[in-house]
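Okay, structure first, notes after.
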Amino acid sequence: MSKVSVIEVKNQKELKQFVKFPMDLYKNNPYYVPSFIKDEYKTWDVKENPALNYSESKQYLAIKDNKVVGRIAVIINHKEEKELGIKKVRFGWIDFIDDKEVSKALIQKAIDYAKENNIDKIEGPMGFTNLDKAGMLTMGFEKLATMIGIYNHEYYPKHLEELGLTKEKEWVEFEMNFPKVLPEKVEKFSGLIAQKYKLKVLHFNSKEEILPFVEPMFKLLDETYKHLSTYTPISEEQIQTYKEKYFPFIDKNYVICVVDENNELVSFAITMPSYSKALQKSKGKLFPFGWWHFLQASKKNDRANFYLIGIHPEYQRRGVTAIIFKEIFVRFTSMGIDFAETNPELEENKSVQVLWQDYNPVNHKRRRTYSLHIGDN
């Protein structure tokens, strides 16, 4: 039997192999959606990824019979340790063929890296921060992936569990057949709440008009999710990075902002037309022809994805969601959207999950991070 070797990525050729491996592994898989190749390279460039200013990382390739058969990245986020007191090695970008010797060799690299740094816990898959992709798919393998969700083969979690890793955190995702008629409760309360708290929905004439609200949106995200035990505040550098990464795909009609009488942002929702099929067709590249597929997806699409939603804690139990969903209903109906899919939400985050309760949500995907305490190994 051929031996598996694991090498650290040291040059551009190996980085290219690291970035391109999943596209080979999932070739012809109808549910896999590739990441933007350009963004994957930027992830490992300190000039492009501000998280590298307070994190350290390494990438590895698993080799068998002179072929790349797996990959993994290991990360230590020192900001997480400093601000939350959490000391662990994050592992992510983990992909492998259905060979237990390969997955074992990759996880062993994460264990070794933890030991080298006197850390007794590994957890993944996850990225550098809360806004990076996280969670290994454990349900929904036959569902089309989204632009911000990890897709993986069904054997992945089985391998990790057999290696002794156990569930750490779990996320749920929901799919909704968008209603043709607005629920009476939403219709009734949206006007009452807006009047009572002197709130209004902003209507943007151009995408550029959204820019002044981008930073307040991220600040509001901090307010919305800071109660979660794993949440790390978003830095100014990260805000700029995510703005540059995702703003080109924002459509003004898919962004809902609710402000108070002082024009202060109290709630927002960012949705997008589904770009999953566009990414598949473009194979993770905008140029030379990928942009055409994205343009078509933005013009004609029956599916939308919820990406970010934020509600100031003072308004979370005051029915503000009724205003958001009435506006989403009006816009989605006019654009021919029939289906909507949420982003991954922590299983414990019931305050967000309750937002979808009037739309007959179906839990169609689950994902989790796995952890291992080195002392148990």
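The values are calculated or read from the model by the stated rules, or taken from the named source; none is laboratory data. All values derive from a computational prediction rather than experimental measurement. Glycine also receives a Cβ, built like all others from the backbone with ideal geometry; neighbour counts cover every protein chain displayed. Side chains are part of the model used for accessible areas, which takes the heavy atoms of the whole protein and leaves out ligands, DNA and RNA. Shrake-Rupley method; radii C 1.70, N 1.55, O 1.52, S 1.80 Å.
Somewhere in the stretch 23-36, is a residue in a helix (DSSP H, G or I), within 23 Å of residue 245 (Cα to Cα) and open to solvent by less than 30 Å² (accessible area, probe 1.4 Å)?
no
Mind listing whichever residues of the stretch 1-18 are farther than 25 Å from residue 116 by Cβ, modelled with pLDDT of 95 or more and either assigned to a strand (DSSP E or B) or open to solvent by less than 80 Å² (accessible area, probe 1.4 Å) (or both)?
none
Hey, among 279, 295, which residue is open to solvent by 50 Å² or more (accessible area, probe 1.4 Å), under 30 Å from residue 20 (Cβ atoms) and out of contact with any helix residue (DSSP H, G or I) (no Cβ under 7 Å at 6 or more places or on another chain)?
295
Against the conditions (1) under 19 Å from the mean Cα position of the chain (by Cα); (2) in contact (Cβ under 8 Å) with a residue 12 or more places away in the chain; (3) open to solvent by 70 Å² or more (accessible area, probe 1.4 Å), where does residue 309 fall short? Just the number, please.
Unmet for residue 309, out of (1) under 19 Å from the mean Cα position of the chain (by Cα); (2) in contact (Cβ under 8 Å) with a residue 12 or more places away in the chain; (3) open to solvent by 70 Å² or more (accessible area, probe 1.4 Å): (3).
Taking only pairs six or more apart or across chains, which ones have beta-carbon atoms under 9 Å, a first residue in the stretch 236-250 that is over 17 Å from residue 36 (Cβ atoms) and touching a residue at least 24 places away in the same chain (Cβ under 8 Å), and a second residue that is open to solvent by less than 60 Å² (accessible area, probe 1.4 Å) and among the β-branched types (Val, Ile, Thr)?
238/129; 239/214
Pick out the one residue from 141, 128 that is aromatic (Phe, Trp, Tyr) and open to solvent by 10 Å² or more (accessible area, probe 1.4 Å).
Working: 128 fails: open to solvent by 10 Å² or more (accessible area, probe 1.4 Å).
Among 141, 128, only 141 is aromatic (Phe, Trp, Tyr) and open to solvent by 10 Å² or more (accessible area, probe 1.4 Å).
Suppose we keep only residues that are open to solvent by 40 Å² or more (accessible area, probe 1.4 Å) and modelled with pLDDT under 85 within the stretch 329-359. Which one would you say is farthest from residue 133 (Cα to Cα)?
If we take residues in the stretch 329-359 being open to solvent by 40 Å² or more (accessible area, probe 1.4 Å) and modelled with pLDDT under 85, then 358 is farthest from residue 133 (Cα to Cα).
Spot the failing condition for residue 88; the list is (1) under 30 Å from residue 241 (Cβ atoms); (2) surrounded by fewer than 21 Cβ atoms within 10 Å (Cβ to Cβ); (3) among the basic types (Lys, Arg), and only one is missed.
Among (1) under 30 Å from residue 241 (Cβ atoms); (2) surrounded by fewer than 21 Cβ atoms within 10 Å (Cβ to Cβ); (3) among the basic types (Lys, Arg), residue 88 violates only (2).
Just give me the residues in the stretch 29-79 being hydrophobic (A, V, I, L, M, F, W, C) and either free of Cβ contacts under 8 Å to residues at least 12 places away in the same chain or touching a strand residue (DSSP E or B) at 6+ places or on another chain (Cβ under 6 Å) (or both), in sequence order.
Scanning the stretch 29-79 gives 46, 61, 62, 63, 68, 69, 72, 73, 74, 75, 76.
Of all residues being surrounded by fewer than 15 Cβ atoms within 10 Å (Cβ to Cβ) and among the acidic types (Asp, Glu) in the stretch 171-209, which is farthest from residue 269 (Cα to Cα)? Just the residue, please.
184
Just for the stretch 1-46: of the residues that are acidic (Asp, Glu) and over 21 Å from the mean Cα position of the chain (by Cα), which one is nearest to residue 137 (Cα to Cα)?
The extreme case among them is 24.
Going residue by residue through the stretch 266-274, is there one that turns out to be farther than 16 Å from residue 215 by Cα and either open to solvent by 10 Å² or more (accessible area, probe 1.4 Å) or among the charged types (D, E, K, R) (or both)?
Checking the stretch 266-274: at least one residue is farther than 16 Å from residue 215 by Cα and either open to solvent by 10 Å² or more (accessible area, probe 1.4 Å) or among the charged types (D, E, K, R) (or both).
Please identify the pairs in which a residue from the stretch 357-368 that is under 14 Å from residue 145 (Cβ atoms) and in contact (Cβ under 8 Å) with a residue 60 or more places away in the chain has its Cβ atom under 7 Å from the Cβ atom of a residue that is among the hydroxyl-bearing types (Ser, Thr, Tyr) and surrounded by 14 or more Cβ atoms within 10 Å (Cβ to Cβ), counting only partners at least 6 apart or on another chain.
Hits for this filter: 366/138; 367/138.
Of everything in the stretch 360-377, what is open to solvent by 30 Å² or more (accessible area, probe 1.4 Å) and either of a type outside the set (D, E, K, R) or modelled with pLDDT of 85 or more (or both)? Give them in sequence order.
360, 361, 362, 363, 366, 368, 373, 375, 377
Determine whether residue 326 is in contact (Cβ under 8 Å) with a residue 40 or more places away in the chain, surrounded by 18 or more Cβ atoms within 10 Å (Cβ to Cβ) and of a type in the set (Lys, Arg).
yes
I'd like to know if the stretch 37-46 contains one or more residues that are among the hydroxyl-bearing types (Ser, Thr, Tyr), more than 21 Å from residue 115 (Cβ to Cβ) and surrounded by fewer than 18 Cβ atoms within 10 Å (Cβ to Cβ).
Yes, the stretch 37-46 contains a residue that is among the hydroxyl-bearing types (Ser, Thr, Tyr), more than 21 Å from residue 115 (Cβ to Cβ) and surrounded by fewer than 18 Cβ atoms within 10 Å (Cβ to Cβ).
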